[in-house]
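Okay, structure first, notes after.
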Amino acid sequence: MISLIILLNIYFVSFIDKPEKTAPQLSARAFEQREKWHIPTDEMDYPVSPLYQNELRKAGAKIHHVSRWFNGVTAEMDEETAEKVKGMKFVTSIEMTRDNSFSSQSESKRRIPSLPKQDTVQTGIPTDEQLALYNLPPLHAAGFEGQGIVMAVCDGGFYNAQTMRCFRQKELELGHFDFTDDADDFYGSTGAHGTQCLSSISGLAENYKGAATKAQYYLMRAEENDTESPKEMDNLVAALEKADSLGVNIFSVSLGYAMFDNEAWNLPYSALDGRSTRVSQAATIAARKGMLVCVAAGNEGNSPWKTISTPADADSILTVGAVNKQGEIGSFSSYGPSADDRIKPEVCAVGVQTALINPQETIVTSNGTSFATPLLAGLAACLWSALPDENAMQIRERIIRSSDRYSTPDKERYGYGIPDAWKAYTMGSEGTGGKLVEIGNTVARKRVQKGLMLIERQGKTYTITGLPLR
């Protein structure tokens with residue numbers, strides 16, 4: 001028997017312009033980061049028109065999220081109100097992202113689906129092996145453990161994280177944000193997936209050490225607990241925009257989307273080109289605005305779908321596959337390349353029998369690219385601690401260049417392979433200036449000039465934000 005839960009229709013409403021030029025919606029830290037990396041503010045940084053928002057509210061819409069990058073809002077309304085909104089002169093388009101019902105039997109279509117239950121209680125399991133695989137201990141020994149770096153961990157649930165001593169939240173957590181419709185408390189019963197992901201970065205206990213235990217962090221929820229719809233991709237867009245406004249350096253997300261409760265919204269593989277979904281566009285925008293975005297490749301390697309999901313297809317990010325502690329790819333780790341034939345995943349970390357801490361503060365092991373991703377993000381935090389004058393793209397480039405398959409990348413499984421944290425730290429920076437890269441279907445060259453990452457393509461030079469260099 002199929003039961004239905006009644007929900008409200010959700011739409012993304014796009015506006016024609018931003019008529020009021022008020023101050024950019026950025027924190028003091030975000031402005032400092034932009035100035036440090038020579039990234040100018042632009043139209044995307046300015047707020048969405050309050051006048052347009054008020055007109056929607058007057059018509060009966062309830063606004064959930066406001067997107068300055070896409071100049072629109074995620075709004076809840078009935079079909080009659082949606083017709084009114086569609087006719088407003090300042091509205092350019094209206095797109096339904098969640099309909100008003102879903103099947104309770106849709107669990108099999110969840111994003112980055114959970115693998116068969118793998119959590120097993122361990123006693124005294126060290127984390128040395130999973131950190132040693134990408135040679136992180138020497139960087140720790142040199143005193144670089146993520147201090148000075150602000151991270152965001154975005155997931156579906158952080159059950160009990162606020163009570164766990166291993167996270168030292170009073171010292172390290174800077175805040176938490178819920179972008180979902182779930183009514184539960186942020187640290188309530190919406191799952192512990194995020195809790196375990198956080199442990200691989202920040203967990204510190206007897207016989208356990210996360211990858212970046214001195215990095216500060218924000219926690220963000222973007223995954224709805226009971227539904228699977230494109231609206232959740234816009235939740236993730238909202239999280240990325242919030243992280244940007246806060247001056248976050250590294251964004252780690254173990255979520256991905258391809259199949260939904262309403263099969264009409266399922267994505268074809270051709271949509272995984274880094275440009276077709278708002279959430280992949282947003283991940284690339286975040287990268288161009290100075291953030292290093294790390295995304296799980298997905299656990300579909302053994303399924304009919306097989307390939308990565310979105311936003312793992314985004315450009316200028318690090319998509320992370322899963323290997324075991326011997327460096328062998330996990331059979332479940334999703335395949336690349338992207339639909340436009342870019343290497344995916346870019347890199348790999350331990351996602352097979354990863355040591356984690358559960359909400360009961362017990363060390364366990366579990367499988368998934370979900371757990372490889374925060375480990376990789378933690379490596380990046382330590383590396384950036386060691387090289388604070390480099391920007392996100394330079395850190396990303398070092399990670400890729402240090403990887404064991406850099407010279408002969410595997411476009412479908414390993415990408416550039418397993419990074420070497422110490423090699424990434426000690427290698428010269430001059431090599432980041434001449435690497436040929438694929439951007440869309442064209443070949444470009446990245447180079448560093450006076451500390452700035454530039455892109456040369458088709459005879460023209462651009463800044464990392466895509467602006468022509470004058």
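The values are calculated or read from the model by the stated rules, or taken from the named source; none is laboratory data. It should be emphasised that the depicted structure is a prediction, and the values quoted were computed from it without experimental measurement. For neighbour counting, all protein chains shown are included, and Cβ atoms are generated from backbone atoms with ideal geometry for every residue, glycine included.
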Quiz item: Among the residues of segment 78-109 satisfying the criterion of being small (Gly, Ala, Ser) and more than 20 Å from PRO19 (Cβ to Cβ), which is modelled with the highest pLDDT?
Solution: ALA82
Exercise. Select from segment 151-185 the residues that are hydrophobic (A, V, I, L, M, F, W, C), in contact with a helix residue (DSSP H, G or I) (Cβ under 6 Å, 6 or more places away or on another chain) and in a loop (DSSP other than H, G, I, E, B) and list them in ascending order.
Key: PHE158, PHE179
Quiz prompt | Residue match in segment 232-246 (condition: touching a residue at least 60 places away in the same chain (Cβ under 8 Å), touching a Gly at 6+ places or on another chain (Cβ under 8 Å), of a type in the set (Val, Ile, Thr) and not assigned by TED's automatic domain parsing to the domain that holds THR74) | solution = no
Quiz item: Tell me, which residue of segment 190-202 that is out of contact with any Asp or Glu (no Cβ under 6 Å at 6 or more places or on another chain) and modelled with pLDDT under 95 is surrounded by the fewest Cβ atoms within 10 Å (Cβ to Cβ)?
Solution: GLY191
Practice problem: Output the residues belonging to segment 333-381 that are surrounded by 24 or more Cβ atoms within 10 Å (Cβ to Cβ), farther than 22 Å from ASP273 by Cβ and small (Gly, Ala, Ser). | Solution: ALA349, GLY351, ALA355, GLY368, SER370, ALA372, ALA377, GLY378, ALA380, ALA381
Quiz item: Could you list, in sequence order, the residues of segment 207-219 that are touching a His at 6+ places or on another chain (Cβ under 7 Å) and crowded, with 22+ Cβ neighbours inside 10 Å?
Solution: LEU219
Exercise. For VAL320, work out the one condition from (1) aliphatic (A, V, I, L, M); (2) modelled with pLDDT of 95 or more; (3) in a helix (DSSP H, G or I) it doesn't fulfil.
Key: (3)
Quiz item: For segment 186-213, what are the residues that are farther than 21 Å from LEU383 by Cβ, among the β-branched types (Val, Ile, Thr) and in a loop (DSSP other than H, G, I, E, B)?
Solution: THR190
Quiz item: Only one of (1) farther than 30 Å from PHE144 by Cα; (2) of a type in the set (Asp, Glu); (3) surrounded by 24 or more Cβ atoms within 10 Å (Cβ to Cβ) is not met by ASP244, so which one is it?
Solution: (1)
Practice problem: Find the strands (runs of 3 or more DSSP E) located wholly in segment 1-83 whose residues include 1 or more that are farther than 30 Å from ASN249 by Cβ and without any contact (Cβ under 8 Å) to a residue 60 or more places away in the chain, and list them. | Solution: 62-67
